[in-house]
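No value in this document is a laboratory result; all are computed from the given coordinates. This one's a predicted model, so the numbers in the text were calculated from it and none came from an experiment. All Cβ positions, glycine included, derive from the backbone under ideal geometry; neighbour counts span all protein chains shown.
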Amino acid sequence: MFYHARNENVCVGSLDMDYISFGNGNENLIMLPGLGDGLSTVKGTAFLFSMLYRLYAKKYKVYIFSRKNNLQEGYSTREMAKDQAEVMRTLGISKAHILGISQGGMIAQYLAIDYPNLVDKLILAVTSSKSNEIMQQSVSTWIKMAEEKKYKDLMIDTAEKSYSEHYLKKYRLLYPVIGRIKKPKDFKRFLIQATSCIKHNAYTELNKIISPTLVIGGDCDRIVGTTSASIIAEKISGSELFIYKGLGHAAYEEAKDFNERVLNFLIR
């Protein structure tokens, strides 16, 4: 398997979580994905992600965790961080670099706030410390689409709000078939996670984060807003801020130097 890529699962009591791992390094890097996890977990994607993130695999043992499989109503981003900490301890991961993307970045904030001993360096990408008008509008739209089981509309609206116009020119060719790919059996998981995004508010506690932190945003972000990254960076002492010009919420996919930028921060 490419870079020892493995599809795995961990159970701690009633907590059941899918995750993948790959890489040859001695240090740990944990990636926490965004709201897309509400539609499909990382189960079965180890080979794909080991290729996408092979730059990290050369130096780190990389883990990508989904949220747990059985989500309860009202499940918060703070509770997600608590479960993540429990899983890390169960797997013997005493410390790791944390890369949180979008909703994953919200979980990463609470992981660094509540469990500082588990977090080495922290990267918060295209995320927010609290809900704002732009985020309320975008996520509320998706919740309504999910409630009405309009999967194709949900996927298209997400793409239109995430990617640059340059990228969308190619991506729109997939719109006629996009509703048939990975359609979930139901939308309960997505609705619970989406609601947790709207209710997330770690802003007043960001000053508790002591890990060296890199905050990355896009100046065209139509999902969490264009100022969310700078707001986070202002509250975390000594943090670094980088804003991609001309890119939005999918900057972590579109920016050719994103992985290299993260790696350079980690190895300093």
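Couplings for segment 168-174, taken from phi via the Karplus curve 6.51 cos²θ - 1.76 cosθ + 1.60 with θ = phi - 60°, read 5, 4, 8, 5, 5, 5, 8 Hz in order; Gly and Pro are left as x. The label-point distance for ASN7 and GLN137, in a model that sets each label 7 Å from Cα toward Cβ, rounds to 4.0 nm. Computed from point charges on the beta carbon alone (+1 for Lys and Arg, -1 for Asp and Glu), the dipole magnitude for segment 2-267 about its Cα centre is near 620 Debye. For segment 201-268 versus segment 60-135, the inter-centroid distance based on Cα atoms is 15 Å.
Among VAL119, VAL12, the ranking by other beta carbons within 10 Å of each residue's beta carbon, starting with the fewest, stands as VAL12, VAL119.
In units of the compact-protein estimate 2.2 N^0.38 Å, segment 2-267 shows a Cα radius of gyration of 0.94.
Extending 7 Å from the Cα toward the beta-carbon at both ILE210 and ILE93 defines two label points whose distance is 2.1 nm.
For the chain, the mean residue ellipticity at 222 nm estimated from helices alone is -11500 deg cm²/dmol, where every DSSP H run of n ≥ 4 contributes -39500 (n - 2.57) and the total is divided by all residues, rounded to the nearest 500.
Here the label points at ARG268 and LYS144, each 7 Å from Cα along the C-beta direction, are separated by 4.3 nm in the simple model.
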